[in-house]
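A short write-up of the structure that comes next.
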Amino acid sequence: MEQRHLGRTGLRVSRIGLGTLTWGRDTDEHDAADQLKTFWDAGGTLVDTADVYGGGEAEYLLGRLLDNLVPRQDLVVATKAGSVPDPYRRFDGSRGHLLAALDASLRRLGTDYVDLWQIHAFDPVTPLDETLQALDLAVSSGRARYAGVSNFSGWQLAKAATWQLAAPGLRTRLACTQMEYSLLQRGVEREVLPAALDLGVGLLPSSPLGRGVLTGKYRTGTPSDSRGASEQLAPFVEPYLDEAAGRIVDAVATAADGLATTPLQVALAWVRDRPGVVAPVVGARNARQLTEALSVEALSLPDEICQALDDVSAPVHRYPDQDWSTL
């Protein structure tokens, strides 16, 4: 699998990442092992998790598979901290919480360091410099090799990345930002992606298949074994089952028919090759689904197909999202 630099750093990662959102909850150890082995055999290196996935079980599960199944040094292990199970405070970006969460993640993963540590979301009640200092301490102590953020808006990303760049050698530059990005969710193109491109921050798209909807599986109903049929994940899928999304899914299916491939591969190839994108993070239910996603390595979409998909899914840009003189 092709390797790409993560932002403006020396770290290289596979251009498809493996997500573990459902590990330890809907994905058991056997299926997780099959996925990890399939991913590694295909040349994949970037494995993304978080301290809250499965209430910590995803990290435990990944930790048990490291070394026993895949050599630790062959993987770029990424995790996140900052989300908390508190209805009154969803995110805690305080230095104390973040560093304690990192130590707990390392114990669950059974490793001395993570290759990439990410702040899961912006905390509006903690000073940003305090949050970012946790990244600096994690890297300077060797517990994390690189640092990034996740779910930061455009101004939040620009402020954080600029703060880190203001003291080179003392502060850790942000390597990446992880955001939802797909043909069904192109909101990052308004502010986040322009900021990331300007500041040398790589983009790791989450939900690159539109929460599974871009595979076309929901065109004739909701499969009983899908996330849309899951009591826990149905609200996550439902926003992308409207009429507007249906037109985009139909366009993807038409493109797939013309290219003799699948809607999944078309949708994934489109986001993988967008400017600024480093590696879409794919979450699969089993190794068979993951194998289909990994087969996109051989696919490059023709320019005409890319343009048609751009047109049918184009977000509305109004002042001041883009250069005002073009609006």
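Positive contributions from Lys and Arg (+1) and negative ones from Asp and Glu (-1), summed over other residues with Cβ under 14 Å from the Cβ of Glu2, come out at +2. Figure legend: label point modelled 7 angstrom from the Cα of Leu137 along Cα→Cβ; residues of region 56-92 with amide N under 19 Å from it are 79-84, 91-92. Overall shape: oblate for region 4-84, with the ratio a/c of the largest to smallest alpha carbon gyration tensor axis at 1.5 or above and b/c at least equal to a/b. What number comes out for the charge environment of Arg108, summing +1 per Lys or Arg and -1 per Asp or Glu over other residues with Cβ under 12 Å away? In short, -2. DSSP beta bridges confined to the chain are antiparallel in about 15 percent of cases. Each peptide in 31-38, 256-263, 103-110, 172-179 gets a packing score, the mean of other Cβ atoms within 10 Å over its residues, and the list from highest to lowest is 172-179, 31-38, 103-110, 256-263. Once you treat every alpha carbon in region 235-283 as an equal point and sum by Debye, what is log10 I(q)/I(0) at q = 0.22 Å⁻¹? These q points yield log10 I(q)/I(0) values of -0.93. Summing charges over neighbours of Thr49, with a neighbour being any other residue whose Cβ is under 13 Å away from its Cβ, gives -1 when K and R count +1 and D and E count -1.
For region 265-282, the Karplus equation 6.51 cos²θ - 1.76 cosθ + 1.60, evaluated at θ = phi - 60°, returns couplings of 5, 5, 4, 6, 5, 4, 6, 4, 9, 6, x, x, 7, 9, 7, x, 9, 9 Hz by residue, with Gly and Pro reported as x. In the chain the longest region clear of GluC sites (Glu not before Pro) that are loop-assigned by DSSP and have at most 11 other C-beta atoms within 10 Å covers 3-230.
Placing pseudo-labels 7 Å out from each Cα toward the beta carbon at Asp41 and Ala104 gives an inter-label distance of 3.6 nm. Please work out whether region 40-81 counts as rounded, prolate or oblate from its C-alpha gyration tensor, where a ≥ b ≥ c are the square roots of the eigenvalues and a/c under 1.5 means rounded, while otherwise a/b larger than b/c means prolate and anything else oblate? Verdict is prolate for region 40-81. Think of the chain as a dipole: +1 on every Lys or Arg Cβ, -1 on every Asp or Glu Cβ, centred on the Cα centre; then among Gly96, Ala33, Val316, Gly96 lies furthest on the positive end.
With contributions of -39500 (n - 2.57) from each DSSP H run of at least four residues, the per-residue ellipticity at 222 nm computed over the chain stands at -11000 deg cm²/dmol.
Solvent-accessible area per residue in region 255-322 equals 46 Å², computed with a 1.4 angstrom probe and all protein chains kept.
The Cα trace of region 1-160 gives Rg and Dmax of 15.3, 44 Å, the first to one decimal, the second as a whole number.
Dividing the alpha-carbon radius of gyration of region 223-307 by the rule-of-thumb value 2.2 N^0.38 Å gives 1.17. Using the alpha carbons alone, the radius of gyration of the chain stands to its Kirkwood radius in an Rg to Rh ratio of 0.95.
The values are calculated or read from the model by the stated rules, or taken from the named source; none is laboratory data. What you see is a predicted model; the values in this text were computed from it and never measured. Because the Cβ atoms are built from the backbone with ideal geometry, glycine has one as well, and the counts that use them run over all protein chains shown. For accessibility, only protein heavy atoms count, side chains too; no ligands or nucleic acids. Shrake-Rupley method; radii C 1.70, N 1.55, O 1.52, S 1.80 Å.
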